[in-house]
Amino acid sequence: MSYCQKVLALVKKTSPHEPEFLQAVTEVLTSLEPVAAENPQYEKMGLLERFVEPERQIMFRVPWLADNGEVRVNRGYRIQFSSAIGPYKGGLRFHPSVYLGIIKFLGFEQILKNSLTGLPIGGGKGGSDFDPKGKSDNEVMKFCQSFMTELFRHVGGDLDVPAGDIGVGGREIGFLYGQYKRIKNVSEGVLTGKGLTYGGSLVRTEATGYGLVYFLEEMLASKGHEIKGKKVTISGSGNVAIYAAHKITQLGGTVVAMSDSNGFVYNPDGLNIEMVQIGKEIGRKRIKECFLSSTGTKFNEDCTNIWSIKCDIALPSATENELNQKDAEMLFGNGCIAVAEGANMPCTPEAIEVFLKNKVLYGPAKAANAGGVATSAIEMQQNSMRTFWTFDEVDTRLKDIMVNIYRKSAEAAKRYGFEGNLVVGANIAGFLKVADAMMAQGIV
Ligand code: NDP
């Protein structure tokens, strides 16, 4: 049995009830076979056993008072997975589906994603099973304050710097930051995604969506395609989806479908993205409600059907395992030429197989959606320097980083005999830096 397979068997034994984590580890360890074979010293140093085990897992109680006077209790998490190349970095997710296995898979993916950015950031992730949907601003504030009242002792500008993710946007980051500052009595860049008036960076809001499209552009260019004139389906209508849609439209593409967990909207002539943005970001509306006044736009109440819409490009940007084998076959059958993941692990392993087998260009999440965390690291740089860069300065850096990630991943795939397979390429390119850092730092 190969070293990678031995470690995989170990993870299956120790984490049997964490299917998302197992899915992520299986993909990564399978990709790393040629690297492990070339580096027998890894096994001697127990490198992969250490790589798949979080440095620290924190779980805590989050009690808060609802507007009706009832006491509510949620569970909070922060997993500090790897500090091999820098302070822990990764978002916070507030969603009822959150449990330890989800945070572990996201934290594990984050290690390689952060490494791919080329910036000195380690991997971490956190969150809670709290659902901000349907809560008043006051309730969200109370929850965030209680969450930070425990989290503050585990994070810090040079230690662990959380950001947003599903259910955690500018409003939540503001409440979390306010409470941290109040307890610690310091102004430091302990969170990213902050508002522009208190240490945030321009482009951070747009970064994951824009970065996704910059990556897509590079991937398409490798086969002589461009975004202009293409029809694009984007699942989700949150932070990532909205700004991906924005950039696609700016570059001459047409967004034909978008969704939320209640359904999807569809217009073959193109959706009005501003209506989604205003409705979602300001009105906190459901996607259907954003288009009540639009005649050409149809609504389907099964969000999983979105992949049946004919398109040239698909950008799954809602959540994990939202696009399965059948969806992948439908997309390919309808002429889709490229898929880039805005969400984390949105395509099932069987769906990825369909794309790779049929030569559909496929950009895996840890490469394609790394623009958010890259810009978070740029926010950290500005906070440390006590400075503020212009939109163009940050956007140019973001674009360079995304182009580099594409090239590094494509080159690593080719060097190890998997030309065109960006799954293997991104896993290997991200891993090599982390492995070198771990080897240099001894058995820790
Ligand atoms: P948001 O909370 O802003 O938006 C999430 C969107 O996805 C909403 O439209 C939501 O619909 C939909 N969604 C969530 N869960 C489900 C589900 N189970 N079924 C169908 N739709 C669902 O989150 P983000 O846009 O920030 O994050 C989206 C994805 O991108 C996640 O996988 C996240 O990990 C990843 N990501 C985000 C980054 C960021 O910078 N924000 C960075 C890198 C990755 P509804 O409102 O109905 O729940």
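Average 1/r across all pairs of distinct alpha carbons in the chain, invert it, and you get the Kirkwood radius: 21.9 Å. Largest GNM mean-square fluctuation across Val394, Val339, Val240, computed for the chain with C-alpha springs under 10 Å, falls on Val394. In the context of the full set of protein chains, residues of segment 207-363 present 41 Å² of accessible surface per residue (probe radius 1.4 Å, heavy atoms only). Annotation: per residue accessible area for segment 3-188 equals 39 Å², rounded to a whole number [probe 1.4 Å, protein chains only].
For the chain, the relative contact order is 15 percent, taking Cα pairs closer than 8 Å that sit 6 or more residues apart in sequence and dividing their mean separation by the residue count. A Gaussian network model of the chain, with springs between Cα atoms under 10 Å, assigns the largest mean-square fluctuation among Lys89, Lys285, Lys194 to Lys285.
Using a probe of 1.4 Å, the accessible surface attributed to Tyr42 totals some 10 Å² when neighbouring protein chains are kept in position.
Net charge dipole, segment 3-188: roughly 400 debye, given to the nearest 20, about the Cα centre with Cβ charges of +1 for Lys and Arg and -1 for Asp and Glu.
For segment 207-363, the antiparallel share of DSSP beta bridges with both residues in that region comes to about 35%.
Any idea what the dipole of the chain comes to, in debye rounded to 20, about its Cα centre with Lys/Arg Cβ at +1 and Asp/Glu Cβ at -1? Don't skip to the answer; put the middle values down first.
Working: 49 positive and 49 negative charges, 108 e Å.
Charge dipole of the chain: 520 debye, to the nearest 20.
Size descriptors for segment 207-363: radius of gyration and Dmax over Cα atoms are 14.1, 42 Å. Under a Cβ-Cβ cut-off of 9 Å, what is the net charge of the residues other than Ala343 that fall near it, where Lys and Arg count +1 and Asp and Glu count -1? Its environment carries a net charge of -3.
Placing +1 on each Lys and Arg Cβ and -1 on each Asp and Glu Cβ, with no other charges, gives segment 131-243 a dipole about its Cα centre of roughly 220 debye. Modelled this way, with points 7 Å down the Cα-to-C-beta line, the labels at Ala221 and Ala66 are 5.2 nm from one another. Mean residue ellipticity at 222 nm, helices only, the chain: -14500 deg cm²/dmol; runs of at least 4 DSSP H residues each add -39,500 (n - 2.57), and the sum is divided by the number of residues.
Determine, from the Cβ-Cβ distance of Leu251 and Gln277 and an R0 of 25 Å, the FRET efficiency 1/(1 + (r/R0)^6), rounded to the nearest 0.05. E(calc), rounded to 0.05, equals 0.90. Each DSSP beta bridge with both residues in the chain is either parallel or antiparallel, and the antiparallel ones are about 55%. Which of the trypsin sites (Lys or Arg not before Pro) across segment 330-412 are loop residues per DSSP, with 15 or fewer other Cβ within 10 Å? For trypsin sites (Lys or Arg not before Pro) across segment 330-412 that sit outside H, G, I, E and B with at most 15 neighbouring Cβ atoms in 10 Å, the list reads Lys359, Arg386. Solvent-accessible area assigned to carbon and sulfur over the chain amounts to 52 percent, based on a 1.4 Å probe. Counting only Cα atoms, the size of segment 3-188 along its three principal axes is 59, 34, 22 Å, in decreasing order. Structure remark: mean-square fluctuation, Gaussian network model of the chain, C-alpha springs under 10 Å; the largest value among Ser259, Ser201, Ser136 belongs to Ser136. Beyond 23 Å between alpha-carbons counts as too far, so tell me which of Lys12/Lys44; Lys113/Lys326; Lys366/Lys408; Lys89/Lys366; Lys194/Lys280; Lys125/Lys366 fall in that bin. Beyond 23 Å between Cα atoms: Lys113/Lys326. Computed over every Cα-Cα pair of segment 49-121 and binned at 5 Å starting from 0, the pair-distance distribution P(r) comes out as 3, 15, 23, 20, 14, 10, 6, 5, 3, 1 percent. Sorting the segments 216-228, 291-303 by their mean number of nearby beta carbons within 10 angstrom, highest to lowest, gives 216-228, 291-303.
Toward the positive end of the charge dipole of segment 3-188, with +1 on the Cβ of Lys and Arg and -1 on the Cβ of Asp and Glu, the farthest Cα among Gln57, Val73, Ser15 is that of Val73.
The values are calculated or read from the model by the stated rules, or taken from the named source; none is laboratory data. Predicted model, so just to flag it, every value in this text is computed and none were measured. Glycine also receives a Cβ, built like all others from the backbone with ideal geometry; neighbour counts cover every protein chain displayed. Accessible surface is based on the protein model in full, side chains and every heavy atom, while ligands, DNA and RNA are left aside. Shrake-Rupley method; radii C 1.70, N 1.55, O 1.52, S 1.80 Å.
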